[in-house]
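Coordinate-derived values only; no laboratory data. For clarity, every value in this text was computed on a predicted model and none was experimentally measured. Note that we place each Cβ from the backbone using ideal geometry, even for glycine, and neighbour counts take in every protein chain shown.
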Ligand code: IVH
C-alpha cells in the first residue's frame with residue numbers, strides 16, 4: 001500500500017467525494033434499478049481510481065465508501081447479538097379456507113373497533129434468509145441474521161458485500177436510527193453456478209437456493225460472500241414518522257432510501273382480490289429468476305398492525321400462504337427411457353440431485369414425446385423440477401438462457417431400450433410404445449401387475465425377483481410362475497431356502513384366487 005503522509009487538500013477531499021458518488025450511483029443503477037448507466041470498463045476504472053486515492057489518504061476512508069463492501073481478512077467468528085426489535089416469523093396458511101379463517105380471527109380480535117374498509121397488501125414470499133439492518137444517521141452499522149428471532153449473529157461485513165443493500169441511505173436528512181428487514185437470496189442461475197463449482201471442488205452441494213443463501217451469509221470470509229452475489233429485497237421498515245400511515249408508504253420509502261423492493265406487490269381491497277393475486281402468482285412465479293415459496297398477505301394500515309400486535313411467535317396482521325408444491329432448479333445429466341407394462345416409453349430426466357419437499361430427487365418424468373417437444377430440452381439444461389404432493393417429480397420448465405453451447409437436443413428414442421425393437425407412435429395418442437410382446441420390460445411389467453393384490457395376490461414376488469426370473473429366462477409369462485421349483489429359485493442370487501419355500505407356497509395359494 002502506498003501511504004502518502006501529506007494532509008489531503010480540500011480539492012482531494014472533494015474529488016474523493018465526487019468519485020464515491022459516481023461509483024455509488026453506477027452501482028445503484030446496476031444492482032438495484034437493473035438499469036446500468038455506464039460501461040463495466042468505465043466503472044472498473046473509476047472504482048480503481050477511488051481505491052488508489054483512498055490508499056493514499058486512508059484517513060479519508062468512510063464506512064459507506066463503495067470500496068468498503070469487502071473486508072480484508074476473514075472474521076474469526078460471528079458475535080451473537082440481540083435484535084433491536086424481535087424478528088417475528090409468519091403463520092402459514094395452505095389454502096383459501098385457512099386464509100379466510102385468519103381473516104375472521106383478526107376481525108374478531110378487534111371486535112367493535114373494526115375499521116371501515118381494511119386493505120391488504122400482497123407480496124411475494126421470497127425463499128431466502130431474513131436479515132435485519134440497522135442504520136445510524138443514514139449509515140449501515142449492523143447486519144444480523146434472523147437467529148431465533150431474539151438474538152442473531154452479527155454478519156455486518158457480509159451484508160455489506162450485497163450490492164443491492166445501500167451502505168448509506170439516499171436521504172438528505174436521515175433519521176438517527178432506521179431498522180430495515182428483508183430477505184437475502186440467490187437467484188436461480190447463481191445457485192446452479194455455485195453448486196457446479198462446488199461439485200468440481202468436491203464440496204457438498206447446497207440443497208436449494210435458500211440453504212445456499214443462508215450458508216453464504218454465515219461464511220466467515222467476506223471475500224467469498226462477495227463472489228457469491230447475494231441479492232436483497234427489503235420488506236419491513238421500522239421508523240416512527242408522522243408521514244408513514246401504511247405499509248405501502250413504508251415500501252415506497254424503502255425504495256427511495258435506495259433499497260430494492262419487490263415490484264410484484266399489490267394493494268388489495270378484498271380477500272377476493274387477494275385470491276386473484278395468489279392464483280396469478282402461483283403460475284407467474286415460474287417466470288421469476290429467483291425462488292418464491294408463497295405469498296405474504298399483510299394488513300396495510302400501520303395503526304391496525306399496532307392494534308393487533310403479535311402473539312408470542314407471529315404478528316396477527318400478516319400471514320404466509322404457502323404453495324403446495326416445491327420447485328427447484330437443477331441440471332439434466334442425461335435422459336433415459338423407461339418401458340412400462342403396456343410397452344409405453346417414458347422419457348426420464350436424470351438430474352443432479354436436489355432436496356425437494358424433504359426427499360432427494362435424482363430423476364423426474366418428462367411424460368412423453370409431446371412434452372419433450374414442448375420443453376425443447378437439451379442435455380446440460382438447467383431445469384425447474386417440481387414435486388406436487390405424492391406425485392412423482394416432473395420437469396416443469398427449462399431455463400434456455402442457461403443452456404451450455406453445443407448442447408444436444410433430447411429426442412424420443414426410436415428403439416426400445418430393453419429389447420432393441422423399433423418403437424411406434426400413432427398420431428392418435430401421446431404415447432410411444434414398444435409392441436414386442438416378448439420384450440422383457442413388458443413381460444416383467446405384466447408379471448408384476450398380475451402378482452399384485454387385486455389380481456393373484458402373490459406375496460413375496462416383488463420387482464427384484466421378477467427381474468431375476470425374467471433375466472434367468474425362467475419366466476416369460478405369468479403362467480410360467482406355476483412351473484417354478486425349489487432348485488430354480490434357490491439358484492438365484494441372494495435367495496434362501498426359507499424364502500423360496502414361502503414364495504412357492506404363495507404361488508400355490510394364488511390358485512385359490514377367484515377367477516375375476
Ligand atoms: S414479513 C413480521 N414479507 O418469510 C413479518 N416475510 O416464513 C415478518 N419472507 O421470516 C416477515 N418474503 O424471512 C415478510 N415479503 C415478505 C417475505 C417474508 C419472505 C420470509 C421472512 C420470514 C419468513 C416467514
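Values for this structure:
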read-out: Where labels lie 7 Å past Cα in the beta-carbon direction, separation of residue 73 and residue 341 in nm; value: 6.8 nm
read-out: Packing-based ranking, highest mean first, of 103-114, 157-168 given that Cβ atoms within 10 Å are counted; value: 157-168, 103-114
read-out: Protection-proxy order for peptides 413-422, 377-386, each taking the mean of Cβ atoms within 10 Å per residue, highest first; value: 377-386, 413-422
read-out: Ranked list, fewest to most other Cβ atoms within 10 Å of each Cβ, for 232, 314, 206; value: 314, 206, 232
read-out: Computed Rg/Rh of the range 353-437, alpha carbon atoms with Kirkwood Rh; value: 1.01
read-out: Potential lengthening between residue 108 and residue 39 on full extension [0.36 nm per residue; Cα-Cα distance subtracted]; value: 19.2 nm
read-out: Residue-averaged [θ]222 nm for the chain, counting only DSSP H segments that reach four residues, each worth -39500 (n - 2.57); value: -10000 deg cm²/dmol
read-out: Calculated diffusion of the chain, Stokes-Einstein form, Kirkwood radius summed over Cα pairs, 10 °C and 1.306 mPa s, µm²/s; value: 58 µm²/s
read-out: Label zone at residue 485, where the point sits 7 Å out along the Cα-to-Cβ direction: the range 491-506 residues whose backbone N lies under 12 Å; value: none
read-out: Ranked by how many other beta carbons lie within 10 Å on average, peptides 57-67, 133-143 from highest; value: 133-143, 57-67
read-out: Where labels lie 7 Å past Cα in the beta-carbon direction, separation of residue 313 and residue 98 in nm; value: 1.2 nm
read-out: Length gained when the stretch residue 472-residue 435 is fully extended (0.36 nm per residue, less Cα-Cα span); value: 11.1 nm
read-out: Cα-derived Rg over Rh, computed across the range 105-156 with Rh taken as Kirkwood radius; value: 1.19
